[in-house]
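One structure is given here, and the rest of the page talks about it.
The values are calculated or read from the model by the stated rules, or taken from the named source; none is laboratory data. Owing to the predicted nature of the structure, the values given are computational and were not obtained by experimental measurement. Cβ atoms come from the backbone with ideal geometry, glycine included; neighbour counts cover every protein chain shown.
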Amino acid sequence: MLKSKHFELIRTAAVLLISLLLTFIMISFVSGSPLQTIGIFLYEPISSVSHAGNVVEMAIPLMFTGLALSLLFKMNMFNLGAEGIFYFSALVASAAAIHFSLNGFLHPIVAILLGGIVGALISGIPGFLKAKWNANELVTSLMFNSILYGVGQYILNYKLRDASAFQTASFKFEPTAVLDRIIPGTRIHTGLIIVLVCIVAGHYFMYKTKWGYELRMTGANREFAEYSGIKTGRVILYVHLLAGLIAGIGGSVEVLGMYSRFQWNALPGYGMDGALVAMLAKNNPLAVIGSALFLAYIRVGADMMSRYSDVPSELISIIQAVILLLVSADQFLKFWKNRMLLKEAKMNA
Amino acid sequence: MRETLLEMCNITKVYSNGVVANQKVNFSLAEGEIHAVAGENGAGKSTLMKMMFGMEEPSEGEIYLRGSRIRLQSPMDAIRLGIGMVHQHFMLVPSFTVAENMVLGMEPKKGVFLNQAEAARLTREFSFRYNLQVDPEEKVENLSVGMKQKVEILKALVRGARILILDEPTAVLTPQETEELFGQLKLMRENGHTIVFISHKLKEVKAICDRITIMRNGRTEGVFDIREVTEQEISRLMVGRDVVLKYAKSGREYGESVLQVRDLGYSKEGKKVLGGINLSIREGEILGIAGVEGNGQAQLVEALTGRLEGDSGTVQVAGANISRFDIGEIRGLGVSYIPEDRMRQGTAKEASIVDNLISTVYNSKAWTRWGFQKRKKMAELTEEKIREFQIKASGPAQEIGMLSGGNMQKVVVARESSTAPRLLIAEQPTRGVDVGAAQLIHRKLLELKEEGCAILLISADLNEILELSDTLAVMYEGDMAACFERPSELTEEELGLYMLGIKKQDEQSIRRAMHA
Amino acid sequence: MHDFLAVILTTDFAFSVLRVTTPILFAALGALISNRAGIVNIGLEGIMLTSALLGVLVSAYTGSAWLGLLGAALGGLLIAGLLAFFTLQFKTHLILGGIAINAFASGGTIFVLYMLTGDKGTSSSLASKVLPSVEIPLIEDIPVVGPILSGHHVLTYLSIVAAVAVFVLLKKTPLGLQIRAVGENLHAAESVGVKVKRIQYTALLLSGLFASLGGAYMSMGYLSLFTRNMTAGRGWIALAAESMGRSTTIGTTITSFLFGFAEALSNALQLLKIPAELISTVPYVATILGLVFYSVSMTRKANKLLKKQKGPQA
């Protein structure tokens, strides 16, 4: 029998179903051959090893940002700075990949750590402003995204740009810096291992350590945390540092795993998508894996769709918005839960 | 028997969190009576009244007004049918004037604009007619509690209320203000108004009401003519047993002084809030502080818990000056604190019972190793506390927000008492909890006292404070107005005189009684 | 330094402050009105963007700039209504709902643009119209003041009118009283039969209307076409302006002009030899500085009341 405690799971499933249905409806409106397009959207991502590989490759950055945002959201901090940090740390790692000469083992480690540390430091700024003066972290982090983008473009254009490249792009990375492929027939790289380690560590951190406990209590009720003796300002700061570190590592891993030059001329969008990943995962680190894979699946589907049919991939951002609206909708399908509760209460009475 | 005005039949209400607040409740109101609804906290009185006022809709059941069925989907429906309500927590907009509050939702207009003059005139007219003096131009945030209540009553009357629901109106009033209110209620009854009076103060119910409906556990236990039922009978029906608020206490042997407050003064925006407080509590002593809310008790507690630094004076706990300590450091000295508001400070409602129970010790060596928490040990402690405090819960992992108020408060008390505190600050420890939980909490406080803990008890429940305190102080306008060494010999009426500032002991005898 | 002063001490510069403040002021008024009803409208950015596109599309297909404006306004109302429906009916988290609206707008506008024009970047292939500028008789002839105040876009003047209208609405009308009551004490308003949801819907719709005017201005005044993500964070800057303006109409208007000044400065500085990438960050840096300044002063004020508290609750 369905019970009220399974409600959250059922609701998430319902949201995903509704969104897929909506996708189909929209495709039917804009596509010349809707059935074929839907087929491409659903089947192509799993049609071959290399396409399935694309899904996993796409999921790696989403897992990083999803994990970073889960930590922040769990603390009730709506900081979307992962977007700018992901971009900027990737640039920092690129600089290290271009200019350092190290062996094939150390080089990526140094570049990734450097990217991560820079990410942590940048993230610390809105964290500090929030902890110390309660400056709205949502606004400051978004402003930081724009600033990091401006500064990043400046560095790219004036310091790292390879004039001989076809488009605005940096010099080529040293081959020693690039991450190894780990599954033949795909471009899945060692970043997958790194992100899974981060996620498991994130899980233990959040649910088993005293720092994670501080994080959860600060998020659940900051006044209660203060009253219990938790220094919430410090918690806000270190969680921001940690989230920045993860986002920064994510950006570095992405650029070293998937590219041979730095060539982003716009913010890549992973930070914003991370918000959706975190929400779908209910801010639970382990669940980030599943929700990132799901999101990657529909995005690769959309990519394939734009490549092989007449529907552009931006369709998916509309769908993502709908998922986010419904998943964070407290009352969505609540009437149904209430009915179950009424029934259960009657049975117990 | 007067004509039946309003009838609620077979009302059941289940909240979305699964709490069953009312089960097949029946309630009937006769024209022109003052009808008491009595019951413990959590008995379902407020829920029933919210449904009568359209703030909640019954899950099942019907409501009839003058014999015809009505559906109340919003307070507006209720207001339109002549039902008004004065809530326990005032429903006023602080930055608005009295007149603006009065006309909110029924604004008089001049063209498309608000007609301020008409709003003031209307306020004066009703103020005069019902002998409830208020100043229409004054901002509500500047009014006393008693005045705010008058504004609330006027608000309902201006809207044409014939039935007036008063939700524990005397809880925030002094005995004298209560007298005044009763006079006004009788005047309203003479003018043909019908009044529902929610209370658990039986003396007041006896004094003013015509009939009484008693509720317990979300059900009606009976309806009586007030002259045909004794206080003992009412209380037996309310709690299912006679209320015994008598505890055996040990003799008076106190240890050394744990808390010492000297000349603690504090003012805010030029207004005196604390006027040089002196007090001292010794090991094994319960010092009660009585007083009408808003006379500096809250600020005193804030100063003791590291949230407020006084302008002058010192606070010492176990010999250490804590004026620059934060709450973590103060807890480190062996201080525990049961906060007034368990939802705001006392618990994190989405977190589990375990997480709520260990929040003050999570950082200590006994509970962590290399930063990892000993979750298993924590769960065991929680199970033990659930048994010891008879907390009704499915297990340590249950969200605390799913528990009833009483059980939630038990978790708070369990947490604060489990660290063998030297000083316990208990602020309204049994507010809004059922009698069973209250008794358990009282016994726990006495147990701690036996073990040598010094306890500062701040409570608006006079019964509680008179019974538990070894020494009883009264605060009035930021000063100690009186101090008694044998509180159980005092009556509530006597205490009221000090609480209202009508009587005041001289400085010397207060200091002597405080050992300060 | 001399160059710098030569740039900002001109009537052209003062004129441009008014020009760039317009969208921020509209959006900030939108932020204000929903905030006073107790709802933070995070979706301003997305509403502006949607309206900017709709203005271009409708004016291109009807040939009328005014119909374009109407289309933009209706679009803004629609998106605000959607946000209101989700946050008020389904209790979607306010912030996440707003983020969703913004994501929806930033992808959705490109989707629609591509479906209609085959271009994912700009609407340059569409013959869209712009709204007119207005010369004010008499004032235009006054030296110094004339060139600054006259000859602005019609929506620039409307934004000033809107600020006055919002002031009157909040202070002097029954609706304003109810909006403020709902924002300050929702239960009080509810208990006297104020239809809280209706007020919040109204406030959010008004908020969307103002934001949409700001959006229409972006593509039918400030520029004469739509480009992807052309609002570039103005919705967020507006939110910062509103909170720094302490949720009053006058304060919000003043801070909007401050941010407008910063942006005009960043435009003007491009004449000097500083890389454009860095100059583009000036408005955002200014917003952060402004927000920090505001937060520090609020914290100081709060700390005077509660001296040792680590930081006030939001």
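For segment B:54-72, filtering for residues that are touching an Asp or Glu at 6+ places or on another chain (Cβ under 9 Å) and within 11 Å of another protein chain (Cβ to nearest Cβ) leaves 2. Among the numbered conditions (1) within 27 Å of the chain's Cα centre (by Cα); (2) among the charged types (D, E, K, R); (3) farther than 17 Å from B:Lys444 by Cα, the only one that B:Lys410 does not meet is (3). Taking segment C:218-248, which residues are surrounded by 24 or more Cβ atoms within 10 Å (Cβ to Cβ) and assigned to a loop (DSSP other than H, G, I, E, B)? Across segment C:218-248, the qualifying residues are C:Phe226, C:Thr231. Going residue by residue through segment B:427-440, is there one that turns out to be among the aliphatic types (A, V, I, L, M), more than 24 Å from B:Arg282 (Cβ to Cβ), free of Cβ contacts under 8 Å to residues at least 24 places away in the same chain and surrounded by fewer than 23 Cβ atoms within 10 Å (Cβ to Cβ)? Checked segment B:427-440: no residue is among the aliphatic types (A, V, I, L, M), more than 24 Å from B:Arg282 (Cβ to Cβ), free of Cβ contacts under 8 Å to residues at least 24 places away in the same chain and surrounded by fewer than 23 Cβ atoms within 10 Å (Cβ to Cβ). The single condition among (1) crowded, with 21+ Cβ neighbours inside 10 Å; (2) in contact (Cβ under 8 Å) with a residue 40 or more places away in the chain; (3) not in a loop (DSSP other than H, G, I, E, B) that B:Leu181 does not meet is (2). Of the residues A:Val253, A:Val288, A:Val311, the single one that is crowded, with 23+ Cβ neighbours inside 10 Å, within 30 Å of B:Met402 (Cβ to Cβ) and touching a residue at least 12 places away in the same chain (Cβ under 8 Å) is A:Val288. Could you tell me how many of the residues in segment B:98-154 are modelled with pLDDT of 90 or more, more than 24 Å from B:Val172 (Cα to Cα) and in a helix (DSSP H, G or I)? Counting residues in segment B:98-154 that are modelled with pLDDT of 90 or more, more than 24 Å from B:Val172 (Cα to Cα) and in a helix (DSSP H, G or I) gives 9.
Being touching a residue at least 60 places away in the same chain (Cβ under 8 Å), within 14 Å of B:Glu416 (Cα to Cα), over 21 Å from the mean Cα position of the chain (by Cα) and more than 8 Å from chain A (Cβ to nearest Cβ): is that true of B:Leu333 here? So B:Leu333 passes the test.
Can you confirm whether segment C:168-191 contains a residue that is of a type outside the set (Lys, Arg), farther than 28 Å from C:Leu70 by Cβ and away from chain B (no Cβ under 14 Å)? No, that holds for no residue.
Enumerate the helices (runs of 4 or more DSSP H) found wholly within segment A:236-349, keeping only those where 1 or more residues are among the charged types (D, E, K, R), within 27 Å of A:Arg181 (Cα to Cα) and more than 12 Å from chain C (Cβ to nearest Cβ).
By residue number, A:285-308.
Out of curiosity, is B:Val292 part of a loop (DSSP other than H, G, I, E, B), among the hydrophobic types (A, V, I, L, M, F, W, C) and crowded, with 20+ Cβ neighbours inside 10 Å? Taking the combined requirement at face value, the residue satisfies it. Within segment B:150-174, work out how many residues are within 14 Å of chain C (Cβ to nearest Cβ) and either under 17 Å from the mean Cα position of the chain (by Cα) or not hydrophobic (A, V, I, L, M, F, W, C) (or both). Total satisfying the criteria: 6.
Scanning segment A:120-142 turns up no residue that is within 14 Å of chain C (Cβ to nearest Cβ) and over 28 Å from A:Gly233 (Cβ atoms).
Restricting C:Ser212, C:Ser128 to those that are more than 9 Å from chain B (Cβ to nearest Cβ), within 15 Å of C:Ile33 (Cα to Cα), of a type in the set (Gly, Ala, Ser) and under 23 Å from the mean Cα position of the chain (by Cα) reduces the list to C:Ser212.
Note on segment C:1-120: enclosed helices (runs of 4 or more DSSP H) holding 2 or more residues that are away from chain A (no Cβ under 14 Å) are C:2-8, C:11-36, C:44-62, C:65-84. Just one of the listed residues (B:Leu237, B:Leu187) is among the hydrophobic types (A, V, I, L, M, F, W, C), in a helix (DSSP H, G or I) and at pLDDT 85 or above, and it is B:Leu187.
Conditions tested, residue by residue: (1) surrounded by fewer than 22 Cβ atoms within 10 Å (Cβ to Cβ); (2) outside the structural domain of A:Pro285 (by TED's automatic domain parsing); (3) free of Cβ contacts under 8 Å to residues at least 60 places away in the same chain.
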site	(1), (2), (3)
A:Thr65	no, no, no
A:Asn76	yes, no, no
A:Leu80	no, no, no
A:Ala111	no, no, no
A:Ile122	no, no, no
A:Phe144	no, no, no
A:Leu148	no, no, no
A:Phe166	yes, no, yes
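Any residue at all in segment B:304-319 that's without any contact (Cβ under 8 Å) to a residue 40 or more places away in the chain, buried (at least 22 other Cβ atoms within 10 Å of the Cβ) and closer than 30 Å to B:Ala171 by Cβ? Yes, the conditions are met somewhere in segment B:304-319. Might you check whether a residue that is on the phi > 0 side of the Ramachandran plot and in the same structural domain as B:Ser280 (by TED's automatic domain parsing) occurs anywhere in segment B:451-472? The answer is yes, given that some residue of segment B:451-472 is on the phi > 0 side of the Ramachandran plot and in the same structural domain as B:Ser280 (by TED's automatic domain parsing).
With the requirement that a residue be part of a strand (DSSP E or B) and within 22 Å of the chain's Cα centre (by Cα), what does segment B:36-67 give you?
Of everything in segment B:36-67, those that are part of a strand (DSSP E or B) and within 22 Å of the chain's Cα centre (by Cα) turn out to be B:Ala36, B:Val37, B:Ala38.
The set of residues from segment B:356-372 being facing chain A (nearest Cβ under 7 Å) and either closer than 22 Å to A:Glu223 by Cα or in a loop (DSSP other than H, G, I, E, B) (or both) comprises B:Ser359, B:Thr360, B:Tyr362, B:Asn363, B:Gly371. Which of the residues that make up segment C:1-56 are buried (at least 24 other Cβ atoms within 10 Å of the Cβ) and of a type in the set (S, T, N, Q)? The answer is C:Thr21, C:Thr22, C:Ser34, C:Asn41, C:Thr50, C:Ser51.
Just one of (1) at the interface with another protein chain (Cβ under 8 Å from one of its Cβ atoms); (2) at pLDDT 90 or above; (3) surrounded by fewer than 24 Cβ atoms within 10 Å (Cβ to Cβ) fails for A:Met217. It is (3). Within segment B:184-236, the set of residues being hydroxyl-bearing (Ser, Thr, Tyr) and either surrounded by 15 or more Cβ atoms within 10 Å (Cβ to Cβ) or outside the structural domain of B:Val37 (by TED's automatic domain parsing) (or both) comprises B:Thr194, B:Ser199, B:Thr213, B:Thr220, B:Ser235. Exactly one residue out of B:Gly401, B:Gly395, B:Gly405, B:Gly371 is touching a Gly at 6+ places or on another chain (Cβ under 7 Å) and surrounded by fewer than 18 Cβ atoms within 10 Å (Cβ to Cβ), and it is B:Gly405. Per the listing C:Gly251, C:Gly260, C:Gly290, the residue uniquely touching a Lys or Arg at 6+ places or on another chain (Cβ under 9 Å) and either buried (at least 24 other Cβ atoms within 10 Å of the Cβ) or not aliphatic (A, V, I, L, M) (or both) is C:Gly260. Picking from residues in segment A:30-46 that are farther than 10 Å from A:Ala302 by Cα and within 14 Å of another protein chain (Cβ to nearest Cβ), the one that is surrounded by the fewest Cβ atoms within 10 Å (Cβ to Cβ) is A:Gly32.
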